[in-house]
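The values are calculated or read from the model by the stated rules, or taken from the named source; none is laboratory data. Just so it is clear, the model here is predicted, and its values are computed rather than measured. The accessibility values were calculated without ligands, DNA or RNA, using every heavy atom of the protein model including side chains. Shrake-Rupley method; radii C 1.70, N 1.55, O 1.52, S 1.80 Å.
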Amino acid sequence: MLVRDCLCDPVVRVLEEERPDYASATQPLYAVFRDSTATGAFCGLVAPQDIIQHPNWIFADLTEHRVCPSLGPSVEVRRAMTLMNQQGLEALAVLDGPNFVGAVSRQSILETLLKRERLLLLQSRRLNRSLETERNLIRSWSDKLARLHEASRSLLTVLKHTSVQNDLFETGIDALTRLLEARYGAIGILDEAGKLSHFVYTGINAELAQRIGQFPQGRGLLGVVIQDNVSLRLADLSTHASSSGFPEHHPPMKSLLAVPISHQGRVYGRIYLCDKESGERSAPTTKNWR
């Protein structure tokens, strides 16, 4: 910490020929100037105890009876405290060349240190609150991942049977969509030839589904997702090279998370989740969703 960070406030500026009132001894430090408090040469500092000891002296006499050491504003506070201890002073003038900048005292240094300690304490408390929030978030996501893992295991168990009914898929994707706080979800199931045989969805009611018409056929972006056995995460569906948009009446969807459903090397299909509940929704397009 530097001297400029600990300047006294206020320091009263006076002229040499002025005479302090005895009552002035209760005021803060005085900076004495030769002819002008704005541009005149700085003569020295006068402390309240100087006035008490010499109540009849003018400020010129008070500054001349002892030396007034000074420091530059970039000097470390430690150096200022050492000099005050050596000289037996309570305050030092701070000069930038010949120009008076202010004064630094033991009290102003201690007050600045105290303010910094309080600020660090507040910052520490805010940091602790932030860390606690992050820990709670991590615990929440850990719990969600555990539930997602359990849901995935349940889905794989269901997929081992050949007589799977759509209502089981609907129950599974509905639970998964709510778990991950998505607006829309779907499960695409592949046949032995790797083509889309079932497409079960949630988030779109029956009336809207009827207006949309034919379900996706596994081409376009959906086809890419099916063919590549890797997870796909897009912040904006429309930016992908294989995206061909949505049919008329289809609700707008912006973000996409697609993950494979596989077991022992065999890919059964894909799980699709679109648009977080708290996320923005994109403007609809009128291209065909193939």
Provide the solvent-accessible area of Asp143, counting protein heavy atoms only and rolling a 1.4 Å probe, rounded to the nearest 10 Å². 80
Expressed as a percent, the accessible surface of segment 1-119 that is carbon or sulfur, using a 1.4 Å probe and the full set of protein chains, is 48
What is segment 1-119 by shape, rounded, prolate or oblate, if you read a ≥ b ≥ c off the alpha carbon gyration tensor as root eigenvalues and call it rounded for a/c under 1.5, prolate for a/b larger than b/c, and oblate otherwise? prolate
